[in-house]
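Note sheet for the following structure.
The values are calculated or read from the model by the stated rules, or taken from the named source; none is laboratory data. The structure displayed is predicted, hence computed values, not measured ones. Cβ sites come from the backbone with ideal geometry, for glycine too, and all protein chains shown count toward neighbours.
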Amino acid sequence: MSQSKPIVNPILEARSVDAYFGAFHAVKNVTLSVRPNTVTAMIGPSGCGKSTFLRTLNRMHEEIPGATMKGQVLLAGEDIYARGIDPVQVRRRIGMVFQKPNPFPSLSIYENVVVGLTLAGVKNRSVLDEVVERSLKHAALWNEVKDKLKQPGTSLSGGQQQRLCIARALSVEPPVLLMDEPTSALDPISTAKIEELLVELKKDVTVVVVTHNMQQAARVSDRTAFFLLGEVIEYEESSTLFSVPKDKRTEAYITGRFG
Amino acid sequence: MTSATSTVSPTSGSSRPRARAVSMAQVSYRDIRRKWFNRFMLGTLGVAALVAVLPLISVLYYVFKQGIAGLNLEFFTQLPKPVGETGGGLGNSILGTLTVVMMATVIGLPFGIASGVFLSEFSRSRFTYTLRFCVELLAGIPSIILGIFAYALIVVPMGGFSALAGAVALAIILVPTVAKTTEEVLKLVPDHIREAGLALGLPRWKVILRIVLWGSRAGISTGIMLAIARISGETAPLIFTALNSQYWPHGLLEPVSTLPVQIYTYAIAPFEDWNRLAWTGAMTLVFFVLIANVSMRLILRRKA
Amino acid sequence: MIRNSSDRRFYGVLLAASLVIVLVLGAIAAYLGQLAWPEIRHSGIGFFFKEEWDPVNGQFGAAAFIYGTLVSSLIGLVIAVPLSMSVALYLNELAHRRVAAVVGFMVEMLAAIPSVVFGLWGIFFLVPMLRLHVEPVLGKTLGFLPLFQGPPYGVGMLAAGVIISIMVTPTITAICREVFRGVPLTQREAALALGATKWEMIRLAVVKSSWSGVFGAIVLGLGRALGETMAVTMLIGNRNEISASLFAPGQTMASVIANEYAEAGGGPHVAALAYVGLALFVVSFCINFGARFMIERLKLRKAAA
């Protein structure tokens, strides 16, 4: 894998990560560092392991029956896979937004946003109110829903639901936010809104986003990693990767010769 | 909560639950409490499973422990003795159950299979919705009500209790059970098999009988066996249709002793000898029902 | 498509057989009504509000049986519903595949055991346990409530309720398992990704969105509870009276029929019992109808989503 100058003080660092589904080796020896307050994109053809790798970053991979992994993932220097570390603690610090928006249908918009806090036992109404407003503003959804916070989370459009999920993930103020193809199920306008959002978000959060859409990666990310068959082929500043990629395979992919 | 690397929060707020703690070594009291509450609740789920399974174990244990004592050839071949005399058996009840169940199957099976086939193969008919609804309702009727029906239908005009009346009541229980499993099994047959038969020039009825029904015979037989096992254990509809008797079955139009009814009679009686016979009878019944269920399930699993 | 005459005949045979089933359903209602008519004409609806049940003097009132049916079913559900939900969650979410297969099978086997065998076990095991261990303790600790007062007979409403709960558990568990399995993976992932513990995930994603399905399971369980006859008859004490205490003997609609029908001499007694049977028929009909309706609606809503 080719990579330009190393990152000092990365907030998230993967070291020789392998991921398996039973015997199938889905992610092969990936080493990657993420600088704080950046947007990092992961691109590659379908089935190349980028989503699987993403899920090893917040210990969601192990929730699948038969799934295992090897290696280390360091959050601010601490290995999240160290013995004795509770996955629950990891996931509170590394949030995730999924491809298909999944607000809880039995909760209102308000309740959806703060569910992370209410689970933690926060009951103070004024605190919750403040977090709701802050998170929804952060997700560029406040103005659209501020008058209907009591309505069920699923009463919104697809793009709004996804922003609701982003607000929900942000409400617990995680240092890192993982996004698994967040706009692939949305219409172009919602997609554009969320892309704008990503650029804004990196002031407070470090974002790692898996995307199928190369133009999106080029637009929003600072660094991009190109995945192929479970390996990282190239990991580079986005401006460089998309204009003068170092690896032939990267060039083939971004010029549309496959995938 | 302190943190190793803290970042400035956008808004102030002393009542905020926490700042952006990154270090996972910092675990709050609340987190610990959540963790232990989680373990506790998951534990109670496991306990619930244990509690749910205990009655089964207890019933099986007692039935076999108490019943095995009276298990001998006499039990299967002899009539019950009068009160006070030891020995005797429930041979008449076992024979009676076989008789009544066989009659009920003969009466009910054609209707059960026919309606099951109808529901599966002619599901576009207007009548289908009504039929399915009726089958469901019939299945939900308490079996004792079916006893009253059989009483009114047969016992009253005939002027007496009979095995036939009991068989009719049991047949009505059999029909919806068989209909539902037959429909389910037939629906599993993919449509292209039917199309293949039709394409060969076979009339629809032959396709259904020779190909679809015949091909599903394992599943259907299983359903029938399970239904028979079920009606063998039914007591309520027999109490005032087939009634009971202390003699060998002597006619389809006469009262007959059946195992469940006899178990009931002997269980509530204050005589120890009778209680003992009840246990052995229960053991026989449970044994039969369990074997039927377990073997049918194993057969289904092997096919799948 | 029915083209030729042999197909038409075949269809006709099936149709005729199926029609018989529909007719039988109607016939049951009709015959019940006919048997019960003398008492219906005599007492009308007031039949269900009178407590006095005196075959000797021809005075019949079913209030005690309505009460008994309701109370025993209620106890049965109060015990069985949380238990069954927990078992369903355990089997679906917690247990290893093989353990779940075994335990799930055992729960299903509970449904295969004949009612009379439960009654037999109840008489010689459950009743003594209640009489000697459970009811005295309940009486001492909660005896200030009229529910737990009176001598601990063992047989009675509590025993009937417990046996109903055992027999209804397989039904409710099976439906709950299906309902819980239907919760999409995305919901579970959403909860877990937020840092929810496994229990929190279950509560938030699985249970919270399944209440309508669980409600359907409860209604179906109630339908089964109403129809349980033999075990209840053997454990309820067979006293045709309303009593506040759960320790007291009672009678349900099904158990009075089981007890008295065979020896019911004379028209009025049989008519009164048939009237009770008709009421039971109507109630279980409505409950099954209601449950079916709810489940159909749930299916439609899921299909539209």
Conditions first: (1) surrounded by 17 or more Cβ atoms within 10 Å (Cβ to Cβ); (2) within 11 Å of chain C (Cβ to nearest Cβ). B:L198 passes all but one, so which condition is the exception?
(1)
Looking at B:W274, B:W248 in this structure, which one is over 20 Å from B:V155 (Cβ atoms) and in a loop (DSSP other than H, G, I, E, B)?
B:W248
Tell me, please, whether a residue that is facing another protein chain (nearest Cβ under 9 Å), under 27 Å from B:T284 (Cβ atoms), assigned to a helix (DSSP H, G or I) and free of Cβ contacts under 8 Å to residues at least 60 places away in the same chain can be found in region C:129-139.
no
Pull up region C:180-191, narrow it to residues that are without any contact (Cβ under 8 Å) to a residue 40 or more places away in the chain and hydrophobic (A, V, I, L, M, F, W, C), then point me to the one that is surrounded by the fewest Cβ atoms within 10 Å (Cβ to Cβ).
C:L185
Residue in region B:120-137 that is of a type in the set (D, E), within 14 Å of chain C (Cβ to nearest Cβ), surrounded by fewer than 21 Cβ atoms within 10 Å (Cβ to Cβ) and in contact with a helix residue (DSSP H, G or I) (Cβ under 8 Å, 6 or more places away or on another chain) present:
yes
Condition met for A:L164 (more than 10 Å from every other protein chain (Cβ to nearest Cβ), touching a residue at least 40 places away in the same chain (Cβ under 8 Å) and not in a helix (DSSP H, G or I))
no
Options C:A264, C:A272: the member that is of a type outside the set (K, R) and surrounded by fewer than 19 Cβ atoms within 10 Å (Cβ to Cβ):
C:A264
Would you mind finding the one in A:E234, A:E196, A:E173 that is of a type in the set (D, E), crowded, with 22+ Cβ neighbours inside 10 Å and either within 14 Å of chain B (Cβ to nearest Cβ) or outside any strand (DSSP E or B) (or both)?
A:E173
Per the list (1) buried (at least 23 other Cβ atoms within 10 Å of the Cβ); (2) more than 11 Å from every other protein chain (Cβ to nearest Cβ), residue check on B:I172 breaks on (2)
Would you be able to say whether some residue in region A:157-173 is within 13 Å of A:I43 (Cα to Cα) and touching a strand residue (DSSP E or B) at 6+ places or on another chain (Cβ under 8 Å)?
no
Of the conditions (1) in contact (Cβ under 8 Å) with a residue 60 or more places away in the chain; (2) among the charged types (D, E, K, R); (3) more than 26 Å from C:W199 (Cα to Cα), the single one that A:K100 does not satisfy is (3)
In region B:32-49, what count of residues is obtained for those that are more than 9 Å from chain C (Cβ to nearest Cβ) and either closer than 24 Å to C:I79 by Cβ or surrounded by 19 or more Cβ atoms within 10 Å (Cβ to Cβ) (or both)?
1
Criterion (touching a Ser or Thr at 6+ places or on another chain (Cβ under 8 Å), crowded, with 19+ Cβ neighbours inside 10 Å and in contact (Cβ under 8 Å) with a residue 24 or more places away in the chain) met by exactly one of C:L126, C:L158, C:L110:
C:L110
Out of everything in region C:112-162 that is at pLDDT below 90 and hydroxyl-bearing (S, T, Y), what residue ends up being farthest from the chain's Cα centre (by Cα)?
C:T141
Subset tally (residues that are small (G, A, S) and either in a loop (DSSP other than H, G, I, E, B) or surrounded by fewer than 18 Cβ atoms within 10 Å (Cβ to Cβ) (or both)) for region B:89-111:
1
Check C:L194, C:L204, C:L246 and return the single one that is surrounded by 20 or more Cβ atoms within 10 Å (Cβ to Cβ), away from chain B (no Cβ under 12 Å) and touching a strand residue (DSSP E or B) at 6+ places or on another chain (Cβ under 9 Å).
C:L194
Counting only residues in region C:57-90 that are facing chain B (nearest Cβ under 8 Å) and buried (at least 24 other Cβ atoms within 10 Å of the Cβ), the one nearest to the chain's Cα centre (by Cα) is identified as C:S84
Out of B:E234, B:E184, B:E195, report the one residue that is assigned to a loop (DSSP other than H, G, I, E, B) and acidic (D, E).
B:E234
Looking at A:V131, A:V122, A:V145, which is the one that is more than 20 Å from the chain's Cα centre (by Cα), surrounded by 17 or more Cβ atoms within 10 Å (Cβ to Cβ) and more than 13 Å from every other protein chain (Cβ to nearest Cβ)?
A:V145
May I ask you to list pairs of residues, at least six apart or on different chains, whose Cβ atoms are under 8 Å apart, with the first in region A:15-28 being touching a residue at least 24 places away in the same chain (Cβ under 8 Å) and over 12 Å from A:V232 (Cα atoms) and the second being part of a loop (DSSP other than H, G, I, E, B) and among the β-branched types (V, I, T)?
A:F21/A:I64
Note on B:Q246: of the conditions (1) closer than 30 Å to C:I28 by Cβ; (2) away from every other protein chain (no Cβ under 12 Å), unmet is (1)
Can you give me the number of residues within region B:141-167 that are closer than 12 Å to C:A29 by Cα, within 19 Å of the chain's Cα centre (by Cα) and assigned to a helix (DSSP H, G or I)?
2
When residues of region C:21-56 are filtered for being of a type in the set (D, E), surrounded by 21 or more Cβ atoms within 10 Å (Cβ to Cβ) and within 25 Å of the chain's Cα centre (by Cα), how many remain?
0
Please work out which residue is farthest from the other protein chains (Cβ to nearest Cβ), limiting yourself to region C:263-272 and to residues that are more than 10 Å from C:P55 (Cα to Cα) and out of contact with any Leu (no Cβ under 7 Å at 6 or more places or on another chain).
C:G267
